[in-house]
1. Taking the alpha-carbon centroid of each part, what is the distance from segment 1-43 to segment 215-265 in angstrom?
2. How high is the relative contact order of the chain, in percent, counting Cα pairs under 8 Å that sit 6 or more residues apart?
3. If you count the DSSP beta bridges with both ends in the chain, what percent of them are antiparallel, to the nearest 5?
4. Among 181, 87, 58, rank each residue by its count of other Cβ atoms within 10 Å, from fewest to most, as a rough exposure measure.
5. At a temperature of 4 °C and a viscosity of 1.567 mPa s, determine how fast the chain diffuses translationally according to Stokes-Einstein, using the Kirkwood radius over alpha-carbon pairs as Rh; express D in µm²/s, rounded to the nearest whole number.
6. So for 265, 143, 240, 204, fewest C-beta neighbours within 10 Å to most, what's the order?
7. Take every DSSP beta bridge whose two residues both sit in segment 60-204, then give the antiparallel share in percent to the nearest 5.
8. Under 18 Å between C-alpha atoms is the cut-off here; go through segment 141-258 and count lysine pairs that meet it, provided they're at least eight residues apart or on different chains.
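Every read-out reported here was derived from the displayed coordinates using simple, explicitly stated rules and does not represent laboratory data. Just so we're clear, the structure is a prediction, and the values are computed from it rather than from any experiment. As a convention, Cβ positions derive from the backbone with ideal geometry for all residues, glycine included, and neighbour counts pool all protein chains shown.
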Amino acid sequence: AYNRTAAKAEALRPMGATIVASPREAATGADFVITMVSDPPVLAAVLEGPDGAFAGCRPGTLLIDMSTVDPDTSRAMAARAASLGLRYLEAPVMGGVGAAEQGTLTIMVGGTPENFAAAKPLLETMGRKILHAGPMGHGSVLKLSANLVAACIVTAMNEGLVLATKAGLDPAMVAEVLSERSPLIERTAPRVLAGDFAARFPLKLSHKDVQLALAASRSLGVPLSSLEAVAQLQAAALAKDLGDQDQTATIQVLEGIAGVQVRSK
């Protein structure tokens, strides 16, 4: 196992992992290589170069990237892998830390049917729902589509809570109503009302995904006006140094504008 932050890798040692100093070492001799990093530049750094995973792979190794990146990055990395005699899948996930620990992630795979079939038994140890979205790039688009919906739901929840609280309603009652039709709101609203913005999904990563989705929308000629508004609100929150807090922390920007704080009474 390899992690750019050594302490995070060390946490795996008691579980039986062998900790190495580079992606190349981690990939050496492996039949499957799994990567999961924050963004496209980091993915390129982990895969390419003299110490990258590509350099350690033997011909036929199947690389599975579980990062959330744009479809063009997935296609470029897959092409590079193919030029080296390697196989490649994109397999971004949904479900958060809890689902990862329980092996119940939703995994959205892009790549050839043959590579998907080869990887599926391994992916089934991590996920409950394994979807073959289609050719390379489709897994990334599916993940970005899901994340843009989640970002819009969180923003709409925050706006609804601030509006109702400003009008004098009990925010706990408002949250109860909003939660009726949304499992995401059901999970996140109680933490917002408690002022708990510890990062389950950091705002800076949500904003990264929003930007990737907007870039994809522009390349495909698809307007995403709601997401444009979400991006603006997130940018305002990042300007207030809220990037390491949970994506729900955007409510703090709205609270400041409205002059009200949304908390349980």
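1. Spelled out, the Cα-based centre of one part sits 32 Å from the other.
2. Values: 454 pairs, mean separation 37.6, N = 265.
Contact order relative to length: 14 percent.
3. Details: 4 of 18 bridges.
Percent antiparallel among DSSP bridges in the chain is about 20.
4. Values: 181 8, 87 21, 58 12.
Going from sparsest to densest Cβ surroundings: 181, 58, 87.
5. Values: Rh = 19.8 Å.
D, rounded to a whole number, is 65 µm²/s.
6. Values: 265 8, 143 28, 240 13, 204 18.
Going from least to most buried by this count: 265, 240, 204, 143.
7. Details: 3 of 13 bridges.
The antiparallel proportion sits near 25 percent.
8. Numbers: 143/204; 143/208; 204/240; 208/240.
The result is 4.
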